[in-house]
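The values are calculated or read from the model by the stated rules, or taken from the named source; none is laboratory data. Computed from a predicted model, the values in this text were never measured in an experiment. Positions of Cβ are generated from backbone atoms using ideal geometry, with glycine treated the same way; all protein chains shown enter the neighbour counts.
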Amino acid sequence: MAKYSVTYACGHTGTVRLTGPTRTREWILKNKEQELCPDCYKAQLEAKREAERVAAAAEAAEQELPALVGTDKQVAWALTIRKKYLEVLDGVLQRRTVREDVDTVLAQQAVESIQREPSAVWWIENGRNPSDREIMTLVAKRYKGLLDLREAAGAVSAEEALAEATVRPETPVSEIPVQIRIRESTVEVIYPERNDTLREIVKGRGFRWNGALWARQIGKFAGTPADRAGEIGNLLLRAGFVIQVFDEVAREMAVSGSYEPEYVRWVTQRTGGDYAGWFSIQWERDNEAIYAAARKIAGSRWSKPNVVVPAAQYEAILDLVDEFGFQLSPGALGLIEAARATREAALVVKPVGGPEPIKGEPKEQTKPGEIDADLRDDD
């Protein structure tokens with residue numbers, strides 16, 4: 001790779017490395033002489049970006065848009081993204097008409113909710129390359145969310161529903177609210193930007209990220225969805241987050257802390273597989289003391305994700321329950337009753353000794369060269 005000295009349009013000189021045919025190299029060098037050097041180009045680009053940021057900030061203030069929340073770099077970047085996005089959105093709204101089956105009030109509120117979006121990360125993730133189709137998809141998504149909210153809350157307007165659902169701590173760590181929703185047996189937590197504190201809280205309560213939000217399927221041993229929504233709301237509220245809980249019962253639990261605690265230690269009945277009819281022991285992760293105690297029970301096995309124990313060992317299971325505070329499922333209680341009944345119904349005897357085994361007499365050994373005694377004909 002050959003080195004070439006080049007004088008840029010800004011007057012600075014530098015060295016470039018080029019490959020390929022001679023005429024191609026000459027063409028590249030000629031074009032580089034019309035360019036700025038890398039440092040001047042970087043400075044020019046940054047100056048242009050700064051001018052765009054200043055213009056975007058001034059326009060946002062004129063339009064009374066909310067201040068963006070995020071790091072300095074995120075806010076600086078998101079300001080220009082939002083400006084361009086809202087310009088395209090305005091064009092889309094001018095060109096399109098609202099369908100007759102669309103609630104125009106909610107459609108307006110959906111557009112306004114996008115304009116009032118305060119998260120810099122949200123704008124960076126959703127607004128960098130706005131097209132008519134992407135914008136209409138996002139407006140439709142906001143519209144659907146507001147429609148669901150209004151129906152769930154039974155309020156006259158989505159704004160009333162939002163106001164009713166929102167709870168603020170005394171000293172919020174952010175003005176961006178965390179939305180908590182219950183969808184049948186699933187609890188969802190929605191927050192538009194990454195936050196390590198929130199991530200630690202929701203992961204600690206069994207929520208998993210699905211690419212768009214945090215969700216947790218509430219099984220039959222985890223309590224009710226309202227209890228779990230109230231619990232996660234309470235934890236986030238105590239951590240300083242503004243929350244929006246749309247279920248009235250769960251919202252009251254979040255504020256008062258009156259949700260039922262979740263039991264994480266259970267003894268259940270295994271209903272299928274190689275160990276059907278055995279006890280199944282489940283507990284919180286990384287508790288070696290419980291694992292050691294469970295594996296000490298005679299006949300126990302590790303059957304992912306739990307330790308399983310034969311039903312006949314119900315007394316050892318009851319000892320484990322007492323020692324570590326486990327809950328017994330109806331199936332486990334049934335196993336205990338059945339095993340106890342089997343033991344009580346069994347025949348109890350005191351065995352009588354039988355005859356000793358017959359040892360017999362030792363056989364006469366034949367000396368070498370003699371006929372075996374059993375084969376002799378002495379008569």
In the set Ile290, Ile336, which member is surrounded by 11 or more Cβ atoms within 10 Å (Cβ to Cβ), in contact with a helix residue (DSSP H, G or I) (Cβ under 6 Å, 6 or more places away or on another chain), without any contact (Cβ under 8 Å) to a residue 40 or more places away in the chain and under 30 Å from Lys203 (Cα atoms)? Ile290
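Restrict the check to segment 24-36 and report whether at least one residue is among the β-branched types (Val, Ile, Thr), surrounded by fewer than 17 Cβ atoms within 10 Å (Cβ to Cβ) and more than 42 Å from the chain's Cα centre (by Cα). Reasoning before the result, please.
Step one: of segment 24-36, the residues among the β-branched types (Val, Ile, Thr) are 24, 28.
Pick out the ones that are also surrounded by fewer than 17 Cβ atoms within 10 Å (Cβ to Cβ) and you get 24, 28.
Narrowing further to those that are more than 42 Å from the chain's Cα centre (by Cα): 24, 28.
The answer is yes, given that some residue of segment 24-36 is among the β-branched types (Val, Ile, Thr), surrounded by fewer than 17 Cβ atoms within 10 Å (Cβ to Cβ) and more than 42 Å from the chain's Cα centre (by Cα).
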Across segment 180-197, what is the number of residues that are farther than 22 Å from Asp286 by Cβ and not in a loop (DSSP other than H, G, I, E, B)? 9
Only one of Glu188, Glu231 is among the acidic types (Asp, Glu), under 27 Å from Thr71 (Cβ atoms) and touching a residue at least 24 places away in the same chain (Cβ under 8 Å); which? Glu188
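Would you tally the residues in segment 261-306 being part of a loop (DSSP other than H, G, I, E, B) and of a type in the set (Phe, Trp, Tyr)?
Of the residues in segment 261-306, the ones part of a loop (DSSP other than H, G, I, E, B) are 261-265, 270-278, 283-287, 296-300, 304-305.
Those still in the list that are of a type in the set (Phe, Trp, Tyr) too: 263, 275, 278, 283.
Total satisfying the criteria: 4.
For segment 246-260, which residues satisfy the criterion of being part of a loop (DSSP other than H, G, I, E, B) and not acidic (Asp, Glu)?
Within segment 246-260, Phe246, Gly257, Ser258, Tyr259 qualify.
Among the residues of segment 211-223, which ones are over 18 Å from the mean Cα position of the chain (by Cα) and surrounded by fewer than 16 Cβ atoms within 10 Å (Cβ to Cβ)? Working first, answer last.
Let us first name the residues in segment 211-223 that are over 18 Å from the mean Cα position of the chain (by Cα), namely 220-221, 223.
Within segment 211-223, Lys220, Phe221 meet the criteria.
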Considering only segment 11-23, state which residues are small (Gly, Ala, Ser) and surrounded by fewer than 12 Cβ atoms within 10 Å (Cβ to Cβ). Gly11, Gly20
Taking the stated definitions as given, is Asp227 among the acidic types (Asp, Glu), part of a loop (DSSP other than H, G, I, E, B), at pLDDT 90 or above and more than 18 Å from the chain's Cα centre (by Cα)? no
Per the filter on segment 232-260, residues among the acidic types (Asp, Glu) and surrounded by 18 or more Cβ atoms within 10 Å (Cβ to Cβ) are Asp247
Options Asp72, Asp101, Asp90: the member that is more than 23 Å from Tyr143 (Cα to Cα) and either of a type outside the set (Ser, Thr, Tyr) or touching a Gly at 6+ places or on another chain (Cβ under 7 Å) (or both): Asp72
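Here is a check on your reading of the model: is Leu29 in a helix (DSSP H, G or I), closer than 29 Å to Glu160 by Cα and out of contact with any Pro (no Cβ under 8 Å at 6 or more places or on another chain)? Before the answer, list the steps.
Working: in a helix (DSSP H, G or I): yes; closer than 29 Å to Glu160 by Cα: no; out of contact with any Pro (no Cβ under 8 Å at 6 or more places or on another chain): yes.
When the stated conditions are applied, Leu29 does not pass them.
What do you reckon, is Trp77 in contact with a Pro (Cβ under 7 Å, 6 or more places away or on another chain), crowded, with 19+ Cβ neighbours inside 10 Å and either assigned to a strand (DSSP E or B) or among the aromatic types (Phe, Trp, Tyr) (or both)? So that I can check it myself, show each step before the final result.
On the way: in contact with a Pro (Cβ under 7 Å, 6 or more places away or on another chain): no; crowded, with 19+ Cβ neighbours inside 10 Å: yes; either assigned to a strand (DSSP E or B) or among the aromatic types (Phe, Trp, Tyr) (or both): yes.
Against the criterion (in contact with a Pro (Cβ under 7 Å, 6 or more places away or on another chain), crowded, with 19+ Cβ neighbours inside 10 Å and either assigned to a strand (DSSP E or B) or among the aromatic types (Phe, Trp, Tyr) (or both)), Trp77 does not qualify.
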Could you pull out the residue among Ala60, Ala47, Ala55, Ala43 that is surrounded by 13 or more Cβ atoms within 10 Å (Cβ to Cβ), over 22 Å from Pro130 (Cα atoms) and modelled with pLDDT under 85? Ala43
